[in-house]
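The values are calculated or read from the model by the stated rules, or taken from the named source; none is laboratory data. Predicted model only: the values in this text are computed from it and were never measured. All Cβ positions, even for glycine, are placed from backbone atoms using ideal geometry, and neighbour counts span all protein chains on display.
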Amino acid sequence: MSPRRVGVVRELRRYPVKSMACEDLQTAAVSWHGFAGDRRWAFIRPNAERSGFPWLTIREKPDLWHYQPRFQDPNDVEGSKTLVRTPDGNEFEVADPELAQRLGEGVRVIKQYSGVFDTFPISLLSIQSVGSLSKLVSAPLSALRFRPNILIDCSESDPFPEDAWGGAILNIGSLRCRLDSRDKRCVMVNIDPANPAVSNSGVLRALAQERGAQFGMYGTTVQPGAVSVGDSVYLEF
């Protein structure tokens, strides 16, 4: 069976520092470890090193959304310095101890070239799913709240079209990506990236009650390649 066109890429994002703001991309190189430069850095909470989830995230510090990381050389993200602009307008290299101190007493940073991922290195979501969830909670939601790498505008009419794609291969640009698992969500989805001080507990509650807290898809690379906004998305089982 030949691949079936299921939509088009509308947005691409990477997150150089776990739980901080994203970078919007027009084109992304995707390796075995996901988007180049994605989640290469993470901050660890004090005395949490031996826990199953030691990371400092927007659950503990919602204004991490307003810390903006960037690569000093966007053409060499793996070899470039990573800089972080703080909400007050100062900019630090990500490994500068002063930045960690600003985030909290005893906080420290690590770098992992394979990426600091909770489960899988690629996350995908559709515009249609975001719209359907918005109706469930009776409030407009931004896809950014769910921190996907790839946002797809689907040509299918299903309210949550990617639910049916588990185990399939997506062809996007020169990338081939297997969709391994539905994305299990946590309380982080309650936080509005535009206003992190505002939390809407109805978002996770609706996901838990209606969808087993699952929303979007996780994936892994089958064939590294490049993807761009505007690329058609093809599905093969």
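Observations, loosely collected:
- Residues located in the range 119-162, provided they are among the charged types (D, E, K, R) and in contact (Cβ under 8 Å) with a residue 24 or more places away in the chain: 145, 147, 153, 156, 158, 162
- Whether a residue is surrounded by fewer than 14 Cβ atoms within 10 Å (Cβ to Cβ) and either in contact (Cβ under 8 Å) with a residue 24 or more places away in the chain or among the polar types (S, T, N, Q) (or both) was assessed, and residue 226 does not pass this test.
- Conditions (1) under 15 Å from the mean Cα position of the chain (by Cα); (2) farther than 23 Å from residue 232 by Cβ; (3) modelled with pLDDT of 95 or more: number failed by residue 11: (2)
- Hey, residue 204 in contact with a helix residue (DSSP H, G or I) (Cβ under 6 Å, 6 or more places away or on another chain) and within 20 Å of residue 21 (Cα to Cα) or not: no
- Yes/no for residue 112 being in contact with a Phe, Trp or Tyr (Cβ under 9 Å, 6 or more places away or on another chain), surrounded by fewer than 16 Cβ atoms within 10 Å (Cβ to Cβ) and either modelled with pLDDT under 95 or not hydrophobic (A, V, I, L, M, F, W, C) (or both): yes
- Flag if residue 57 is more than 18 Å from the chain's Cα centre (by Cα), surrounded by 15 or more Cβ atoms within 10 Å (Cβ to Cβ) and not aromatic (Phe, Trp, Tyr): no
- Condition check for residue 175: within 18 Å of the chain's Cα centre (by Cα), at pLDDT 95 or above and not aromatic (Phe, Trp, Tyr): yes
- Residue count for the range 218-234, restricted to those that are within 15 Å of residue 6 (Cα to Cα) and part of a strand (DSSP E or B): 3
- Qualifying residue in the range 151-162 (condition: in contact with a Ser or Thr (Cβ under 9 Å, 6 or more places away or on another chain) and among the aromatic types (Phe, Trp, Tyr)): yes
- Residue among 71, 92 that alone is without any contact (Cβ under 8 Å) to a residue 12 or more places away in the chain, among the hydrophobic types (A, V, I, L, M, F, W, C) and on the phi < 0 side of the Ramachandran plot: 92
- From the options 150, 122, residue that is out of contact with any Gly (no Cβ under 8 Å at 6 or more places or on another chain) and under 22 Å from residue 225 (Cβ atoms): 150
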